[in-house]
Amino acid sequence: MPSAITYTRFGGPEVLTFSEVDMPQPAAHEVRVRVRAAAVNPLDNKIRRGELAGVFPAEFPITPGMDVAGVVDAVGDAVSGIALGDEVLGVATGGAYVQYALLGGPVVKPQGLSWEVAAALATVGETAFRALKHLDVRGGQTLLIHGAAGSVGAIAVQLAVARGVTVIGTAGAADLERVTGLGATAVLYGDGMVERVRAAAPQGIDAVLDTSGAGVLPQSIELAGGPERVITLADMSAAQYGVRFTGMDPSDRAPEALPELAELAAAGKLTVPIWRTYPLAEAARAHADIDTRRNRGKIVLLP
């Protein structure tokens, strides 16, 4: 029987258990893949802790994770364009911390794209792509990104810069150099941030993307001149400020993003930093790293 990580109650990383599970069988529009890499996202940790039980109702046992890359070993009857042996990436329909996963919309992995980056790209890449799509930032405009050193923020910086957008990125002191290396003007978080942003962008801020959820919406609205040019991926108080929150509604996604992002990454035009890889059985260690914010980039599990 194949192995997987599961949990039967909400809690800390210790609830994650290395278990044997039944072999999943693909539905008509799904493929099954032998997983080569699975990404760990902060969202996985929030679900594990029970913080999003109202959005993701618990049906224990839960297999965590979303993003995988692997080799197709079974194909549903209604699937076209994908064959046995194809190398693919995408979002798993029944959990990603597994040896065998089901995918409903697989994307062929470009040659030259590593398994680790292929797995790490799906959720963070689509999220960054979608946020920029909603903000409709254009070349010549100035975009402020909070959390520019994070996984989503770093991709958003690169995509925006490639489109000719001037990017101001806020980050902690340890990450300022990294943000600058991505092509943004780095600004330190904390007291005085608004003044530092204004000094860095005397032309003004056209739009703000908050990936941090660090309580910066009032300052963001002030800098953008109103809530309609601010979007957040992480601040649950968005509604009280009239700011758009994106991420919970599946119909709000941008599925067209992944093929483009995969090609950019394979061509070396998009960097997705991998901080560390762990064996599947050490998923709890990966979750502990994210809970304590030790990671500086993506963590990937290798079944």
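The values are calculated or read from the model by the stated rules, or taken from the named source; none is laboratory data. These numbers come from a predicted model, not from an experiment. Methodologically, a virtual Cβ is constructed for each residue, glycine included, from the backbone with ideal geometry; neighbour enumeration extends over all protein chains shown.
Figure legend. Inter-residue proximity from the stretch 42-59: first residues free of Cβ contacts under 8 Å to residues at least 60 places away in the same chain, second residues of a type in the set (D, E, K, R), beta-carbon distance below 8 Å, spacing 6+ or different chains. Indicated pairs: L52/K46.
Let's see how each residue does on (1) at negative phi; (2) among the aliphatic types (A, V, I, L, M); (3) part of a loop (DSSP other than H, G, I, E, B):
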| residue | (1), (2), (3) |
| --- | --- |
| R32 | yes, no, no |
| K46 | yes, no, no |
| V71 | yes, yes, no |
| S80 | yes, no, yes |
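Being among the aliphatic types (A, V, I, L, M) and either without any contact (Cβ under 8 Å) to a residue 60 or more places away in the chain or not assigned by TED's automatic domain parsing to the domain that holds G226 (or both): is that true of V152 here? So V152 fails the test.
Which of (1) in a strand (DSSP E or B); (2) out of contact with any Asp or Glu (no Cβ under 9 Å at 6 or more places or on another chain); (3) in contact (Cβ under 8 Å) with a residue 60 or more places away in the chain is the odd one out, the single condition G95 does not satisfy? In the conditions (1) in a strand (DSSP E or B); (2) out of contact with any Asp or Glu (no Cβ under 9 Å at 6 or more places or on another chain); (3) in contact (Cβ under 8 Å) with a residue 60 or more places away in the chain, G95 misses (1) alone. Would a scan of the stretch 244-256 turn up a residue that is surrounded by 15 or more Cβ atoms within 10 Å (Cβ to Cβ), within 20 Å of V117 (Cβ to Cβ) and within 19 Å of the chain's Cα centre (by Cα)? Yes, the stretch 244-256 contains at least one residue that is surrounded by 15 or more Cβ atoms within 10 Å (Cβ to Cβ), within 20 Å of V117 (Cβ to Cβ) and within 19 Å of the chain's Cα centre (by Cα). Applying the criterion of being in contact with a Leu (Cβ under 9 Å, 6 or more places away or on another chain) and of a type outside the set (A, V, I, L, M, F, W, C) to the residues of the stretch 55-75, the residue that is farthest from V31 (Cα to Cα) is P64.
Checking each residue of the stretch 170-182 against the condition of being among the hydroxyl-bearing types (S, T, Y), surrounded by 21 or more Cβ atoms within 10 Å (Cβ to Cβ) and part of a strand (DSSP E or B) gives at least one match.
Residues in the stretch 98-117 that are aliphatic (A, V, I, L, M), closer than 17 Å to A262 by Cα and outside any loop (DSSP other than H, G, I, E, B): L103, V107, V108, V117. Annotation: A28 fulfils all but one of (1) assigned to a loop (DSSP other than H, G, I, E, B); (2) surrounded by 15 or more Cβ atoms within 10 Å (Cβ to Cβ); the unmet one is (2).
Of the residues making up the stretch 287-303, just one is surrounded by 16 or more Cβ atoms within 10 Å (Cβ to Cβ) and out of contact with any helix residue (DSSP H, G or I) (no Cβ under 8 Å at 6 or more places or on another chain), namely D289.
Scanning the stretch 234-243 for residues being over 16 Å from L52 (Cβ atoms) and either in contact (Cβ under 8 Å) with a residue 12 or more places away in the chain or surrounded by 13 or more Cβ atoms within 10 Å (Cβ to Cβ) (or both) gives a total of 3.
Across the stretch 59-90, what is the number of residues that are more than 18 Å from A283 (Cβ to Cβ) and touching a helix residue (DSSP H, G or I) at 6+ places or on another chain (Cβ under 9 Å)? Please lay out each step first, then the result.
Kept after step one, since they are more than 18 Å from A283 (Cβ to Cβ), are these residues of the stretch 59-90: 59, 71-90.
With touching a helix residue (DSSP H, G or I) at 6+ places or on another chain (Cβ under 9 Å) added as a condition, the list becomes 87-90.
Residues flagged as more than 18 Å from A283 (Cβ to Cβ) and touching a helix residue (DSSP H, G or I) at 6+ places or on another chain (Cβ under 9 Å) within the stretch 59-90 amount to 4.
The set of residues in the stretch 39-82 that are of a type in the set (S, T, N, Q) and either in contact with a strand residue (DSSP E or B) (Cβ under 7 Å, 6 or more places away or on another chain) or buried (at least 18 other Cβ atoms within 10 Å of the Cβ) (or both) comprises N41, N45, T63. Against the conditions (1) of a type in the set (V, I, T); (2) in a helix (DSSP H, G or I); (3) free of Cβ contacts under 8 Å to residues at least 60 places away in the same chain, T127 satisfies every one except (3). Is it true that some residue in the stretch 214-233 is touching a Ser or Thr at 6+ places or on another chain (Cβ under 9 Å), acidic (D, E) and surrounded by 14 or more Cβ atoms within 10 Å (Cβ to Cβ)? Checked the stretch 214-233: no residue is touching a Ser or Thr at 6+ places or on another chain (Cβ under 9 Å), acidic (D, E) and surrounded by 14 or more Cβ atoms within 10 Å (Cβ to Cβ). Comparison of A120, A156 shows that the only residue that is of a type in the set (A, V, I, L, M, F, W, C), under 26 Å from A284 (Cβ atoms) and part of a helix (DSSP H, G or I) is A120.
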